[in-house]
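The block underneath contains the structure these notes are about, expressed in C-alpha cells.
None of the figures in this text is laboratory data; all of them are computed from the coordinates on show. All of these numbers come straight from a predicted model, not from anything done at the bench. Heads up, the Cβs are rebuilt from the backbone with ideal geometry, glycines too, and the neighbour counts pull from every protein chain shown.
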Amino acid sequence: MIQVDQLTKVFQDKKRGKIIAVNHLKFNCQKGKIYGLLGPNGAGKTTTLRILATMMIPTSGKASINGYDVVKNSSKVREQIGFLSGETGLYDRFTPRETLRFFGKINGMDNQQIDKKMDEMFQALEMEHFKDVRVGKLSTGMKQKLSIARCILHNPSVLILDEPTVGLDIMTARTVTDYVKSFKDDGKCVIYSTHIMREAEKLCDKIGIIHHGRLLAQGTLACLKKEFSLEDLEDIFFKLIERENHLR
Amino acid sequence: MSFGNIKSILLKEIVGAVRDKRTLITMIIVPLVFYPLLFIGMGYFNQVGNKKSENSVSIVALLGKEFAVQLSEHLENQEQIKIISGVDDAVVSLKNGDIQAIIEIPPKFDDKIINNEPSQLLLEYDQTEVKSRVAQKRITQAIDDYSDKIISQRLRVKNLSEDLIHPFNLETKNVASSEKMTGTFLGILLPYLIIILIFAGAMHTAIDITAGEKERGTIATLLVSQISRLEIVIGKCLAVMMISLSSMILGLSGITISLLTGNAIAGSEAIEGMKMGISFQAFLLLFLILLPLVGLISAVLVIMGIFARNIKEASSYITPIYMLTIFLGIISISQGIELTGNMFLVPVLNSSFVFKEILMGKIFWGHILTTFTANTIIAGIALIGATRLFNKEEVLFRS
C-alpha cells in the first residue's frame, strides 16, 4: 500500500525563487484499489509520483510503499513498484523482446523467469506479431503496450502511473485503461495521475483533487458528489479550483 | 554493486551504439573508406600537380642580355628554361603569370668577370606561384653551375688545384636504426592522433547515452529500476570506453591503410623502409597508459552529457573541452618541448608525452607511474562526480 503524510517538495528557481510544488500532501491507497490524483498541468502530480518512485527526495514529510520509506529504503521501494508515464521511455533501437529482457535483468530476474513472463505478456497484450520488430518502427499503441509490459514484468505490487494516456489516440488510451482495471483486479495498489475527468470517474476508487501542490479534496466519487452537492466531477473540480484561486 | 547489472547496461549501450547508423558512419565508414579515398585523392592530385610543374618549361625574361653573353648562352642551353628578351614591362608580365622569373644583369658584367671583380645579379620571382618557385630553383641551379665553371677556369689559369677551395669533405652517416626512425616519426604524430581519435570516438556515444536518454525520456525508466546509480554510471562509462577504443583502433587502421595506399598511388618514398619496432613490453606500457586516459575522457564526457538538458546542449559543453584536448595534443607534436616533473600530473598532456617517449624507445618509469596514477585518480574522481550528478534530481529533471 501507499502512505503519504505531509509530503512537501520545494524547488529553488533562480528567476522565480521558491516554488512549492507539493504542499503537505496526505493520502493513502490500499491493495486492490486505484487512487486517482486529479489536477491541471503544474498541479504537482508528477512531482508527487516522482517522489513515490524514488526519483526525487521530499523537502519534508513522509511517504512509504508497502511500509518502506521512499528515502531511507529507496532500493526496497523500487522492488515494489512499476512506473509508467505518457512518455513511453523505450529504446528505439531494441525490439520488445530485447527491451523486456534488459528491464527484467536490471530488476533482478533470471533468464528463465524473464522468458516465462515474456511469453505470458506477449499473449495477454497481443504482442506476438511485433515482439521482434524494433521499437522505433512500432505504432504509439504498440509502444504503450510494450511500456505496460515493461512496467509489470517484475510483478510489482504497487503501480505508479503518471498520465499514462496523455497524447494517445482513443483506441490506445482504451487499451491502457483496460489494463489499469486489470491491475486492480489482480490485487495491485495503483496510483493514477490524470487531468481527464472521465478517466478518473471510470477508474478510480478514490480521487484526490490537487492544485498548486495542495490537496483540495479527496474521497470516493460518491462522497465528493455528496459533499459538494454536484453530480459531475468536472463541476466539482472547477468549483474547487475557483475557490482555491479566490483564496490565493 | 552487481557486475551483472553493470554488464546489462554495458551490453545495452554497446548494442544501441552499434545499431545507430551515425556510430557506424563515424567509426567504420569514415576511417576505413573516406580516409583512404581522401589520401589517395590527395596523393593523386599532388602527383599530377608536381609532374605538371616539373614538365613545364619556365619562361624567363633576361634583362641586360648584352652584358653577359656567355651566361646568356649557358641559360639558353638549359632544357627547361626558355629565355626571352625585349619584354616591355617584365614585372607586370611576372605578376600576370605570363613569365615565371626575371634575371637582371648589370652593365659590364662580363668585364667584371674577366677582371676578377665581384658582380651582382638580380633574380625576381613570385613566391606564391608554384611555377615561379620552380623557375627560381632551376635558375639558381643553372647559375650555380655557371659560377662553378668560372671558379674552375680561374683556378686552372693560376695552376691551382680545386682541392684548394675544398680542403675537406664532410660525410654524414645516420646511425639510427629503421625501428628508431619509425618510432620517432610515429612518436611525433601518433600521440596526437590517438588522443583525437579517442575523444572523437567517445563523444557521440557519450552524448547519446546520457543527454540522449534525457531527451528521449528513457532515463526515468532506468532510475526506477532496481539497478543502482553507480552501476548505471559504470556501465555507461565502460560502454563509452569500449566504443572510443574501437574507434581509435579503426581510425589508426584507416590512417595506416591511407598512408600505404596514398603513398603507393603517389609513388612517394616517405614511408619506404619503415619498420615497426614496438616491443611487447612497449605495447603493454602503451595500453597501460591508454586505459586510464580513455576512462578519464569517457567519464568527463558522461558528466557533460548528464549535466546537459539535451543533445544540443551537451554538444556545446563538449566543444571547448575538445578544443582544449586538441591544444594539449598539439603541444606534444611540437618538437623540442620537454615536460618537467609536475607537468606529468596534467591529464592528456602527460599521456601524449609518455606515448611519445615509449614510441621512441625511452622508458622513464617515473613518468609512466606518475601519468598512470594521476590519470587513474582523476578518472576515479570524474566517475564519482558522474555518479553524484546521477543522484541530483535538479540535474536529471532540468527543463
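Of all DSSP beta bridges located in the protein assembly as shown, what percent are antiparallel, nearest 5?
50 percent
Could you give the size of the charge dipole of region A:1-158 about its Cα centre, using +1 on the Cβ of each K and R and -1 on the Cβ of each D and E, expressed in debye and rounded to the nearest 20? Working shown, then result.
Details: 26 positive and 14 negative charges, 137 e Å.
In debye, rounded to 20, region A:1-158 gives about 660.
Which order do B:ASP110, B:ASP98, B:ASP208 fall in if you start with the one that has the fewest other Cβ atoms within 10 Å?
On the way: B:ASP110 17, B:ASP98 13, B:ASP208 23.
So the ranking, lowest neighbour count to highest, is B:ASP98, B:ASP110, B:ASP208.
Can you work out ³J(HN,Hα) from phi for every residue in region A:47-62, in order, using Karplus 6.51 cos²θ - 1.76 cosθ + 1.60 and θ = phi - 60°, giving whole Hz and x for Gly and Pro?
Residue by residue, region A:47-62 yields 4, 4, 5, 5, 5, 5, 8, 6, 8, 10, 9, x, 6, 8, x, 9 Hz.
Treat the count of other C-beta atoms within 10 Å as a stand-in for reagent exposure and order A:VAL77, A:VAL10 from fewest to most.
Listed from fewest to most nearby Cβ atoms, that is A:VAL10, A:VAL77.
At 7 Å along the Cα-to-beta-carbon direction for both A:ARG174 and A:SER139, put a label point, then send me their distance in nm to one decimal.
Label-label distance for A:ARG174 and A:SER139, simple model: 1.2 nm.
Working out 0.36 nm times the residue gap between B:LEU288 and B:LEU324, then minus their Cα-Cα distance, what length gain in nm do you get to one decimal?
Once the chain is fully extended between B:LEU288 and B:LEU324, it gains 10.6 nm.
Using amide H atoms built in the peptide plane, which far-off residues or other-chain residues are under 5 Å from A:ILE210 H to H?
Those lying under 5 Å, H to H, from A:ILE210 are A:LEU38, A:GLY39, A:LEU216.
Could you give each residue of region B:107-118 its phi-based ³J(HN,Hα) in whole Hz, using Karplus coefficients 6.51, -1.76, 1.60 with θ = phi - 60°, and x for Gly or Pro?
Couplings: x, 6, 4, 4, 4, 5, 4, 4, 7, 6, 9, x Hz.
In whole Å, largest first, what are the principal axis extents of the Cα atoms in region B:58-157?
45, 23, 20
So, how do all the Cα-to-Cα distances of chain B break down into 10 Å bins, in percent, from 0 on up?
4, 16, 19, 16, 14, 12, 9, 6, 3, 1, 0
I need A:PHE228, B:PHE168 ordered by Cβ neighbour count within 10 Å, fewest first.
So the residues, fewest neighbours to most, are B:PHE168, A:PHE228.
All other residues with a Cβ under 10 Å from the Cβ of B:ALA386 taken together, and with Lys, Arg as +1 and Asp, Glu as -1, what is their net charge?
So the environment of B:ALA386 carries a net charge of +3.
If the chain between B:LYS173 and B:ASN96 were fully stretched, how many nm would it gain, using 0.36 nm times the residue separation less the Cα-Cα distance?
23.2 nm
Round to the nearest 0.05 the FRET efficiency obtained for A:ASN41 and B:PHE280 when R0 = 56 Å and r is the Cβ-Cβ distance.
Computed FRET efficiency for A:ASN41 and B:PHE280 comes out at 0.30.
What number does region B:73-218 give for Rg over Rh if you use C-alpha atoms and the Kirkwood radius?
1.32
If you take the charge dipole of the protein assembly as shown about its Cα centre, with +1 on Lys and Arg Cβ and -1 on Asp and Glu Cβ, which of B:LEU328, A:ILE210, B:GLY217 is farthest toward its positive end?
A:ILE210
Charges at C-beta only: +1 for Lys and Arg, -1 for Asp and Glu. How large is the resulting dipole of chain B about its Cα centre, in Debye rounded to 20?
The calculation lands at about 1900 debye.
Given labels modelled 7 Å from the Cα in the Cβ direction, how far is it in nm from A:LYS14 to B:ASN116?
Here the answer is 8.5 nm between the modelled labels.
Helix B:3-18 against the longest principal axis of chain B: what's the angle in degrees, Cα atoms only, rounded to the nearest 10?
With rounding to tens, the tilt is 40 degrees.
Please work out how much length the chain gains when fully extended from B:GLN80 to B:HIS166, using 0.36 nm per residue of separation minus the C-alpha to C-alpha distance, in nm with one decimal.
27.9 nm
Any of A:LYS184/A:LYS239; A:LYS143/B:LYS214; A:LYS72/A:LYS184; B:LYS173/B:LYS362 with alpha carbons more than 20 Å apart? Name them for me.
Flagged as over cut-off: A:LYS184/A:LYS239; A:LYS72/A:LYS184; B:LYS173/B:LYS362.
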